[in-house]
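Visitor: The following block contains the structure, expressed as structure tokens.
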Amino acid sequence: MTTEPALVPELLVTDLDASLRFWIDLCGFTVAYDRPDERFAFLTLGSAHLMLEQVGIGRNWLVGPLAVPFGRGMNLQVTVTDSDAIATRLVDAGVALFMQPETKWYRTGDTEAGVRQFLVADPDGYLIRFQSSTGHRDA
């Protein structure tokens with residue numbers, strides 16, 4: 001039995017084809033389903049789910065004018081098995097990373113969680129933080 005996630009971000013994008021190349025070809029997501037006539041796609045990578053919808057087609061729920069970079073003030077964390085492999089694929093494709101790969105420990109109560117992570121902006125400027133677990137240790 002598959003459990004659907006309780007939170008799935010839907011990102012408005014300026015060019016769905018460019019966004020799909022980024023999210024699928026470079027970041028490893030797959031299309032679970034799409035509605036080409038609405039320029040909409042539902043993507044997954046493991047248990048990470050994401051919706052993309054092209055601006056100006058279909059219903060766009062906007063609270064104000066869009067300005068690049070989109071998504072200012074937020075980043076989307078995606079947990080993956082090997083964040084370094086994704087970073088390498090992006091760099092090899094000429095995509096500049098917002099933050100180079102690093103190993104970081106975060107306090108989580110009485111323990112610390114280690115992650116290997118980097119940040120990259122998608123074609124519309126949404127900031128994505130890919131991270132892989134490096135384990136836990138006492139704080």
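Visitor: List every residue pair whose Cβ atoms lie under 6 Å apart, where the two residues are 6 or more positions apart in sequence or sit on different chains, the first residue falls within segment 23-36 and is under 16 Å from residue 122 (Cβ atoms) and without any contact (Cβ under 8 Å) to a residue 12 or more places away in the chain, and the second residue, located anywhere, is open to solvent by 60 Å² or more (accessible area, probe 1.4 Å) and in a loop (DSSP other than H, G, I, E, B).
Guide: Short answer, once both residue conditions are applied: none.
Residues are listed down the side, and each one gets a yes or a no for (1) farther than 24 Å from residue 133 by Cβ; (2) part of a strand (DSSP E or B); (3) in contact with an Asp or Glu (Cβ under 6 Å, 6 or more places away or on another chain):
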site: 5; (1), (2), (3): no, no, no
site: 18; (1), (2), (3): yes, no, no
site: 21; (1), (2), (3): yes, no, no
site: 31; (1), (2), (3): yes, yes, no
site: 37; (1), (2), (3): yes, no, no
site: 67; (1), (2), (3): yes, no, no
site: 72; (1), (2), (3): yes, no, no
site: 89; (1), (2), (3): no, no, no
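Visitor: Just give me the residues in segment 84-102 being open to solvent by 80 Å² or more (accessible area, probe 1.4 Å) and more than 17 Å from residue 22 (Cβ to Cβ), in sequence order.
Guide: 100
Visitor: Please state which one of 39, 107 is touching a residue at least 12 places away in the same chain (Cβ under 8 Å), out of contact with any Leu (no Cβ under 6 Å at 6 or more places or on another chain), open to solvent by 40 Å² or more (accessible area, probe 1.4 Å) and basic (Lys, Arg).
Guide: Details: 39 fails: out of contact with any Leu (no Cβ under 6 Å at 6 or more places or on another chain).
Result: 107 is the single residue among 39, 107 that is touching a residue at least 12 places away in the same chain (Cβ under 8 Å), out of contact with any Leu (no Cβ under 6 Å at 6 or more places or on another chain), open to solvent by 40 Å² or more (accessible area, probe 1.4 Å) and basic (Lys, Arg).
Visitor: Another question about this same structure. Do we find that residue 123 is assigned to a loop (DSSP other than H, G, I, E, B) and surrounded by 15 or more Cβ atoms within 10 Å (Cβ to Cβ) in this structure?
Guide: Numbers: assigned to a loop (DSSP other than H, G, I, E, B): yes; surrounded by 15 or more Cβ atoms within 10 Å (Cβ to Cβ): yes.
Against the criterion (assigned to a loop (DSSP other than H, G, I, E, B) and surrounded by 15 or more Cβ atoms within 10 Å (Cβ to Cβ)), residue 123 qualifies.
Visitor: Being of a type in the set (Asp, Glu) and either assigned to a strand (DSSP E or B) or surrounded by 14 or more Cβ atoms within 10 Å (Cβ to Cβ) (or both), is that true of even one residue in segment 44-54?
Guide: Looking only at segment 44-54, we keep the residues that are of a type in the set (Asp, Glu), and these are 53.
Then keep just the ones that are either assigned to a strand (DSSP E or B) or surrounded by 14 or more Cβ atoms within 10 Å (Cβ to Cβ) (or both); that gives 53.
Taking every residue of segment 44-54 in turn, at least one turns out to be of a type in the set (Asp, Glu) and either assigned to a strand (DSSP E or B) or surrounded by 14 or more Cβ atoms within 10 Å (Cβ to Cβ) (or both).
Visitor: Filter segment 10-32 down to the residues that are open to solvent by 40 Å² or more (accessible area, probe 1.4 Å) and within 22 Å of residue 59 (Cα to Cα) and list them by number. Even if it seems obvious, please write down each step before you answer.
Guide: First, the residues of segment 10-32 that are open to solvent by 40 Å² or more (accessible area, probe 1.4 Å): 10, 14-15, 17, 21, 24-25, 30-32.
Matches in segment 10-32: 10, 14, 15, 17, 31, 32.
Visitor: Would you please name the residue that is nearest to residue 55 (Cα to Cα), looking only at residues in segment 65-83 that are surrounded by 12 or more Cβ atoms within 10 Å (Cβ to Cβ) and small (Gly, Ala, Ser)?
Guide: 71
The values are calculated or read from the model by the stated rules, or taken from the named source; none is laboratory data. None of the values given here were measured: they were computed from a predicted structure. Here the Cβ is made from the backbone with ideal geometry for all residues, glycine too, and neighbour counts use every protein chain on show. The accessibility values were calculated without ligands, DNA or RNA, using every heavy atom of the protein model including side chains. Shrake-Rupley method; radii C 1.70, N 1.55, O 1.52, S 1.80 Å.
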